[in-house]
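Peer 1: Let me begin by handing over the structure; questions about it come next.
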Amino acid sequence: MSKISFMEVIDRTFEGQYMSQEKFDLEVFVPELSKVINKYKIQYDPDIHVPNDDDLADRVFQAGLEFYQNVGTYCVDTERVVRFTEAEISAALKAAAAEVYFGEGKDRRRLVGRKPDSSLSPFCFLGAGGVSVSSDELFIKLVQAYGEIDIADSLTMPSMIQVNGRRVRPNSPLEVMAAIYSTRLMREGLTRAGRPGMPTMNAIACASSDIAKVAGSIGLRPTDGWMMGSTAELKIETPRLNEIAYVRELGGRIVAETTPLLGGYCGGPEGVAVASVAYHLHAIMILRGDCQLHAPLHIKHVCATDPRVLWALSIGAQAITRNSHNPLMISPFMAAGPMEEMCFFETAAAVTAIIASGSNLEGLITHGGTTTDLLGPLTTQFSGEVAHAVVGIDRKEADSIVGRLCEKYKGNLENAPKGKTYQQAYDVKTGKPLPESLHTYEHMKKVIADYGISV
Amino acid sequence: MGESEILVKLKQAVIGLNQEAAVAAAKEAIAAGMAPLKAIEEGLQPGVEIIGDKFDKLECFLPELIGSAKVFRAAVDVLEPEIAKLGVSKHTSGIAVIGTVKGDIHKIGKDIVVLLLKTRGFEVHDLGEDVPASEFLNAAENFNADIVGLSALLNTTMPAQQDVINLFKEQGVREKYKLMVGGAPVTQEWADEIGADAYAKTAEEGVSIALTYMSKKVTT
């Protein structure tokens, strides 16, 4: 059986079962999730952060598979449920990409699926994570700085929030202009970094409308990553399908973004773990992803470093990477902001869990990623360095490390410190870190060495 | 059965998400001659508040929060005709109009605020997502709202909160309403910059601010 076609997916968005969104959420998603959690005996253990239990990982995968088969994806605009049979899901998993090449020339990089406890170096997708910046100059400076991080395989861009001093508005000409200018500034920054062929994966982060995304794509290449998002939980909007139709024709590499919420319809950590597998299938079948970019979040703290999210992230990743060859990247959100010691502890914990669980990395979004100019290359570089440093550490050891790191910050998740803006942590003219920032970064590298992470 | 036992039953039914038990306890309250408002305020409401507090600490999750709201509603549906029969005016904490601003389709955060406001006695008009400024204005005027809640989950859609406030000012109705803003990227600084009356970091905080505002409004 061949992988189901995109045209067939579109048909099902018009012909699938008609249902209100409320019914999908409360009468399908929630009870079906609860059913498979019980059936496959999936239980969160608060003493464990990185489970080392292959049987549990495989049960989470089976639960996710059965759950997705029964639930499917809800198309918000047509109010139809798109479902697939077990055979269709199985064929799609077999046909899914096992490797993806991004970028051009000497900056071309290969993303492959890893496995738990793997000694394979991770793909590091580093950068701004779509955090907004206040000026064009800072945009270029940051792209250059991220591009100069040797271990960055691909880049995630900042987002422009103003054009000629005017705040960007969705569905307006300002948004279209911001999208076009973003990709131009991105190329300039990457050229200044000496990596003109380096792939980007969210260059038009400021664009929400179809026209702005198409406009922004003027400056993109098929070998860039084209990020396609979906809405929690297991929802798709027609504009996203429109984007997918467009990018498929361009031959672009699709990075399928998925974000289950702990505390939302998924419930607790067990639900997030199972939903992560369902999202992997959704990413392949609906979003037509060449790889999955997964970002489980705590609904209130907007972070992945809460111990319950870490457990779900870890076992969900193990379930996926043990049973699917399609590459997985995880983007962990930090509760604390840049240059805070807490942010470094959180980063070390989350990245260790991610790498030991068989995933690749996107880094790094801090303090919810929602404050303008609250970003910088040092914390990002640190995330990539940790990712490489913990390769080869097995899940058992990772669990011990992550547990000890969690103790350093978990009591502060509710009121995590905001950290420093770029202007507070770097020399805005030269882009160099201020001495205090450099000191904190070097100090924290020494601190985490005591936890068994030698950066 | 004494009133205190019935009140406990109402509370426990909400906490246990047991709609059948809540409806039965509401009927018992009527049969026992209990003031229906007392059944709501001293029986159902404390149950809802316990679930709300648990959700705030994520000791329970969104499905339980929604479930408790449904149980609350089912019991209130039994009690409301009795309130009408007694000629007592329907109890509301206030009238709120709420929506996610233009260009933004995120709904979960806004939906949680809607749920919590409803269970704290507010009459809530949920305008949905991607709501134009004019729709907020029309709804506020038509429903004689006390509070207008503006949700935005993206940096790029935050300016739409400002658009709503500007429109209210231009139309000369700004001072009639308490304009509240929220959403992940929203901060107190942003609320101050655009002239909002209040910013809430969490849904629970938003409800608390709304209740405080209404209690002050009633006393003045």
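Peer 1: Highest mean first, how do B:66-73, B:122-129 rank when packing is the count of other Cβ atoms within 10 Å averaged over residues?
Peer 2: Details: B:66-73: 21.1, B:122-129: 19.1.
Top of the packing list down: B:66-73, B:122-129.
Peer 1: What does the charge count near A:Leu405 come to, summing +1 for each Lys or Arg and -1 for each Asp or Glu among other residues with Cβ under 12 Å from its Cβ?
Peer 2: Working: positive: A:Arg404, A:Lys408, A:Lys410; negative: A:Glu341, A:Glu346, A:Asp399, A:Glu407, A:Asp450.
So the surrounding residues net to -2.
Peer 1: Report the net charge of residues surrounding B:Leu10, where surrounding means a beta-carbon distance below 15 angstrom and charges are Lys +1, Arg +1, Asp -1, Glu -1.
Peer 2: Working: positive: B:Lys9, B:Lys11, B:Lys27, B:Lys38, B:Lys70, B:Arg73; negative: B:Glu3, B:Glu5, B:Glu20, B:Glu28, B:Glu41, B:Glu42, B:Glu49, B:Asp77, B:Glu80, B:Glu82.
Net local charge, B:Leu10 excluded: -4.
Peer 1: Further, regarding this structure: Restricting the count to DSSP beta bridges whose residues both fall in chain A, what percent are antiparallel, rounded to a multiple of 5?
Peer 2: Working: 13 of 40 bridges.
About 30 percent, rounded to the nearest 5.
Peer 1: If the viscosity is 0.692 mPa s and the temperature 37 °C, what translational diffusion coefficient in µm²/s does Stokes-Einstein give for chain B when Rh comes from Kirkwood over Cα pairs?
Peer 2: Values: Rh = 18.1 Å.
For the chosen part, D equals 182 µm²/s.
Peer 1: Further question: If r is the Cβ-Cβ distance from B:Glu135 to A:Lys418 and R0 is 35 Å, what FRET efficiency results, to the nearest 0.05?
Peer 2: Working: r = 34 Å, r/R0 = 0.96.
Working from the Cβ atoms, E equals 0.55.
Peer 1: Excluding same-chain residues fewer than 8 positions from A:Lys445, which lysines have a Cα within less than 25 Å of its Cα?
Peer 2: List returned: A:Lys141, A:Lys396, A:Lys408, A:Lys410, A:Lys418, A:Lys420, A:Lys432.
Peer 1: Would you tell me the mean number of C-beta atoms belonging to other protein chains that fall within 10 Å of each C-beta in B:104-111, as a whole number?
Peer 2: On the way: counts 2, 7, 2, 5, 9, 4, 0, 3.
Other-chain Cβ atoms within 10 Å of each residue's Cβ, averaged: 4.
Peer 1: Run the numbers for A:Asn164 and A:Val428: contour at 0.36 nm per residue of separation, minus the present Cα-Cα distance, in nm.
Peer 2: Details: separation 264, 0.36 × 264 = 95.04 nm, distance 1.99 nm.
Residue separation times 0.36 nm, minus the Cα-Cα distance, leaves 93.1 nm.
Peer 1: Test of understanding: extend the Cα→C-beta vector of A:Met19 to 7 Å, then name every residue of the range A:56-80 with backbone N under 11 Å from that spot.
Peer 2: Correct set: A:68-75, A:80.
Peer 1: For chain B, with a Gaussian network of springs between Cα atoms less than 10 Å apart, report the residue from B:Leu116, B:Leu86, B:Leu154 with the top mean-square fluctuation.
Peer 2: Largest GNM mean-square fluctuation: B:Leu86.
Peer 1: Answer rounded, prolate or oblate for chain A, using the Cα gyration tensor with square roots of eigenvalues a ≥ b ≥ c: rounded when a/c is under 1.5, else prolate when a/b is larger than b/c, else oblate.
Peer 2: On the way: a/c = 1.64, a/b = 1.15, b/c = 1.43.
In terms of gyration-tensor shape, oblate.
Peer 1: For peptide A:368-375, compute the average count of partner chain beta-carbon atoms within 10 Å of each residue's beta-carbon.
Peer 2: Numbers: counts 2, 3, 9, 5, 5, 0, 0, 0.
Mean shielding count: 3.
Peer 1: Same structure, new question: Considering the zone a paramagnetic label at B:Asp53 would reach in this model (a point 7 Å from Cα along the Cα-to-Cβ line), which residues of the range B:85-126 have amide N under 16 Å from it?
Peer 2: Under 16 Å, as judged by backbone N against the label point of B:Asp53, lie B:120 of the range B:85-126.
Peer 1: Each label point is 7 Å from the Cα along the Cα-to-Cβ direction; what then is the distance between the points at A:Leu120 and A:Lys446, in nm?
Peer 2: Between A:Leu120 and A:Lys446, the label points sit 3.7 nm apart.
Peer 1: Under 19 Å from a point placed 7 Å out from the Cα of A:Glu188 along the Cα-to-Cβ direction: which residues of the range A:372-400 have their backbone N that close?
Peer 2: A:373
Peer 1: Just check the range A:79-162 against the gyration tensor rule for me: Cα atoms, a ≥ b ≥ c as the square roots of the eigenvalues, rounded for a/c under 1.5, and otherwise prolate or oblate depending on whether a/b exceeds b/c.
Peer 2: Values: a/c = 2.98, a/b = 1.55, b/c = 1.93.
Verdict is oblate for the range A:79-162.
Peer 1: Next question, about the same structure. How far is it, in nm, from the label point at B:Met1 to the one at A:Tyr246 when both lie 7 Å from their Cα along the line to the Cβ?
Peer 2: Result: 6.0 nm between the two label points.
Peer 1: B:Lys201 to A:Ser90: FRET efficiency via 1/(1 + (r/R0)^6), r the Cβ-Cβ distance, R0 35 Å, to the nearest 0.05? Write down the numbers at each step before the final one.
Peer 2: Values: r = 45 Å, r/R0 = 1.27.
Using R0 = 35 Å, I get an efficiency of 0.20.
Peer 1: If a/c stays under 1.5 just call it rounded; otherwise compare a/b with b/c (prolate if a/b is bigger, oblate if not). Do that for the range B:114-220, with a ≥ b ≥ c from the square roots of the Cα gyration tensor eigenvalues. Mind dumping the intermediate values first?
Peer 2: Values: a/c = 1.37, a/b = 1.15, b/c = 1.20.
Cα axes put the range B:114-220 in the rounded bin.
Peer 1: Can you compute the helix-only [θ] at 222 nm over the protein assembly as shown? Use -39500 (n - 2.57) per DSSP H run of at least 4 residues, normalise by all residues, nearest 500 deg cm²/dmol. Let's see the in-between values first.
Peer 2: Numbers: 24 runs with 317 residues, N = 675.
Computed ellipticity for the protein assembly as shown at 222 nm equals -15000 deg cm²/dmol.
Every number in this text was worked out from the coordinates using simple rules, so none of it is lab data. Since this is a predicted model, take the numbers as computed values, not measurements. Every residue, glycine as well, gets a Cβ built from its backbone with ideal geometry; the counts of neighbours run over all protein chains shown.
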